[in-house]
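The structure appears right after this line, and notes come after that.
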């Protein structure tokens, strides 16, 4: 059965243990952390309510249903023929990546990331004694491109063991093409670098662009990749802390599995597994509808600020996160952050948190009702024109 979800519905999230809404005073509109303001799909809510009414919440076994749901989603949505045996639960994408980093590299080894990047990638390297190599994306004519020469220079260092690929890319919104992915993958194979593919935003891709699971490109890439997926972004389920990693290479999978087990991170939880499975089994309609809805939010931001000489909106090809180039304001990052909170009354992510390449930028989350985006644009224009 299919449904039509009401993404225009405004849900009051204050006072609901929401990290997003507890960060700022009530007069500041929070559009920062990457969860949405949409209700989860009705089949997920219904399944959770029914299960909770049972009243007994004991330990659960490893879920074969979770493996099957993840494999089916990848196969049917993206054409990557995933075997259920390749799939394993982890509490989150980042915890899974950390497990892979610990399993497949040693303190002092290099990890390549593409910057500006999701802040936990930097943290997980620093906290685990690895050396971070930044392959800075190049902003050219309003679009970020890969510096392949620099990437290979970093990959060929004998201490470089891993490359963390974020695709669709957070925060720039790039959806990398097959040609770009192939070139990255060939460099990694040439220099014996394993790819950790964070593809958590895979469902949020806009017209004219296609998400290609990195491991689906070739058998060689498939054997050299560990991919990570989580329904949290698409279906607004991050509080359930339930994700999966996928590896067709039994050696890589076993090594990561051992670290997950040794850190007591193998136990699934009732609600998380149920939400994960129900979303991927029954809620394809929601994934389609949210992508179409948020694409219009992206268009609204671009249209609202197209003649605005202070902010350039980087055109997002995917994710529900928009990257705002505010360098023309002439403000320092601190001045910019303070101005948006105290004058514009918007709580956004500071560009500096994404690395030095983010200086002068802000990240805005537009996974929210259109009325919220309209209010945000009104606040920006009003504040700068005051």
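Take each of the peptides 103-115, 2-14, 195-207, average the number of other beta-carbon atoms within 10 Å over its residues, and list them starting from the highest. Walk me through the numbers on the way to the answer.
Values: 103-115: 18.9, 2-14: 12.2, 195-207: 22.5.
Result, highest mean Cβ count within 10 Å first: 195-207, 103-115, 2-14.
Could you give the distance between the Cα centres of the range 171-185 and the range 218-255, to the whole Å?
18
Looking at the square roots a ≥ b ≥ c of the eigenvalues of the Cα gyration tensor of the chain, which shape do they give, rounded for a/c under 1.5, prolate if a/b is larger than b/c, or oblate?
oblate
Grab the Cα-Cα distance for residue 370 and residue 141, subtract it from 0.36 nm times how many residues apart they are, and report the gain in nm with one decimal.
Working: separation 229, 0.36 × 229 = 82.44 nm, distance 2.82 nm.
Contour length minus Cα-Cα distance gives 79.6 nm.
What does the convex hull of the alpha-carbon atoms of the range 64-282 project to on average, in nm²? Could you put the intermediate results ahead of the total?
On the way: hull surface 45.3 nm².
Reported value for the Cα convex hull: 11.3 nm².
Using a 7 Å offset from the Cα along the Cα-to-Cβ direction at both residue 106 and residue 52, what is the distance between the two label points in nm, to one decimal?
4.9
Length gain on complete extension for the stretch residue 45 to residue 148, per 0.36 nm per residue less the alpha carbon to alpha carbon distance?
Difference between extended and current length: 32.6 nm.
Could you identify which residue out of 194, 364, 266 has the top mean-square fluctuation in a GNM of the chain using Cα springs shorter than 10 Å?
Result: 266 has the largest fluctuation of those listed.
For residue 223 and residue 76, what is the calculated FRET efficiency with R₀ set at 25 Å and r taken between the beta-carbons, to the nearest 0.05?
For R0 = 25 Å, the calculated efficiency reads 0.65.
Need the C-alpha centroid separation for the range 118-146 versus the range 11-51, integer Å.
29
Taking springs between alpha-carbon atoms closer than 10 angstrom, which of 372, 16, 273 fluctuates most in the Gaussian network model of the chain?
16
How fast does the range 290-364 diffuse by Stokes-Einstein, in µm²/s, taking the Kirkwood radius from C-alpha pairs at 25 °C and 0.890 mPa s?
The diffusion coefficient I find is 192 µm²/s.
May I ask you to sort 19, 352 by Cβ crowding, counting other Cβ atoms within 10 Å and putting the fewest first? Kindly include the intermediate steps, with their values, before the conclusion.
Values: 19 12, 352 20.
Lowest to highest Cβ neighbour count: 19, 352.
Between residue 307 and residue 17, what is the FRET efficiency for a Förster distance of 41 Å, r being their Cβ-Cβ separation, to the nearest 0.05?
0.55
Taking the Cα centre of each part, how many Å lie between the range 62-94 and the range 291-311?
34
Tell me, 320, 285, 144, 57 in order of fewest to most beta-carbon neighbours within 10 Å?
Fewest-to-most Cβ neighbours within 10 Å comes out as 57, 285, 144, 320.
Label-point separation (nm) for residue 334 and residue 281, each offset 7 Å from Cα along Cα-to-Cβ?
5.4
According to a simple spin-label model (label point 7 Å from Cα along Cα-to-Cβ), what is the distance in nm between residue 2 and residue 156?
The answer from the label model is 5.1 nm.
Mind checking which of 339, 89, 354 has the largest fluctuation in a GNM of the chain, springs on alpha carbons under 10 Å?
Maximum among the listed residues: 339.
Taken together, the values in this text are just the output of simple stated rules run on the coordinates, not laboratory data. Note that the structure is a prediction, hence the values are computed from the model and not measured. Virtual Cβ from ideal backbone geometry, glycine too; neighbours counted across all protein chains shown.
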